[in-house]
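Everything on this sheet refers to the single structure shown next.
Throughout, read-outs are computed from the coordinates displayed, never taken from laboratory work. The structure presented is a predicted model; accordingly, all values stated were derived computationally and were not measured. Cβ placement follows ideal geometry from the backbone for every residue including glycine, while neighbour counts extend to all protein chains displayed.
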Amino acid sequence: MNSKDRILQAAEDMFYQKGYPLTTIRDIAAKAKMNSAVINYHFGSKENLYLTILKKMEKALNSVCIKSDIPENDLFVKNFIKNSFTEVCLQHKVFHLYLKEQSQFSTEASEKLVRKFQDKHLKHFSSLVRLQSHNEIPNKKIELQYHSIFGMVKELFRSHKIKLHKEREDKNAQDIEEVISYIDQNYLTKGFLLFFQLNPN
């Protein structure tokens, strides 16, 4: 792992543990076991480093948009939701930062960044629903269902009810596979189709 990657990994861990306001460049340098000057050389400031980490979520969600455009039994929306959830789990520390930003933005730049890729994610979801439903679903219904599905995922993360590691001892936490199964059963099959009044065939 090169010095830049070490910095990013250390910064992600520290921002996740302490949040943006309480994390200092010295904290990150100590975690990465390198001089603060090296961090400033690569990123210039704590804010630039933080924005670089937040962009990992944007990159992950962009990849979801690309994957969901590939036809697979016409399950565009289902693939989009499952792929989104998978990426969120893979980037769970960054996603926690993303959730904190939604509650209270750290900087003007982070607010702009988070709003940008949140809007893009919603727009892509909407376009896929319209495609699958042949433009029969009102935008207001689409947006309501989007916030219902992804709001549930956010709440599970906020309450730490998703088991991300096998060594986790919380018996009340749910495995990722269990959550995906729940979403599949309640939103992506019967419940989802009834809400949108789509023909399952």
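Determine the gain in length on full extension of the stretch THR107-ASN40; use 0.36 nm per residue of separation and subtract their C-alpha separation, reporting nm with one decimal. Provide the component values of the computation, followed by the final result.
On the way: separation 67, 0.36 × 67 = 24.12 nm, distance 1.85 nm.
Taking 0.36 nm per residue and subtracting the Cα distance, the gain is 22.3 nm.
What length, rounded to one decimal in nm, is gained on full extension from CYS89 through to SER63, with 0.36 nm per residue of separation minus their alpha-carbon distance? All intermediate terms of the calculation are to be shown ahead of the outcome.
Details: separation 26, 0.36 × 26 = 9.36 nm, distance 1.42 nm.
Extra length available between CYS89 and SER63 comes to 7.9 nm.
Pop a pseudo-label 7 angstrom from the Cα along the beta-carbon direction at both GLN9 and ARG130 and give the gap in nm to one decimal.
It is 4.3 nm.
Taking a threshold of 20 Å on the Cα-Cα distance, which of the pairs LYS18/LYS120; LYS59/LYS141; LYS59/LYS82; LYS120/LYS141; LYS55/LYS116 fall above it?
On the way: LYS18/LYS120 28 Å; LYS59/LYS141 27 Å; LYS59/LYS82 16 Å; LYS120/LYS141 17 Å; LYS55/LYS116 11 Å.
From the list (LYS18/LYS120; LYS59/LYS141; LYS59/LYS82; LYS120/LYS141; LYS55/LYS116), the Cα-Cα distance tops 20 Å for LYS18/LYS120; LYS59/LYS141.
Please rank VAL153, VAL38, fewest neighbouring Cβ atoms within 10 Å first, as an exposure proxy.
The order, fewest Cβ neighbours first, is VAL38, VAL153.
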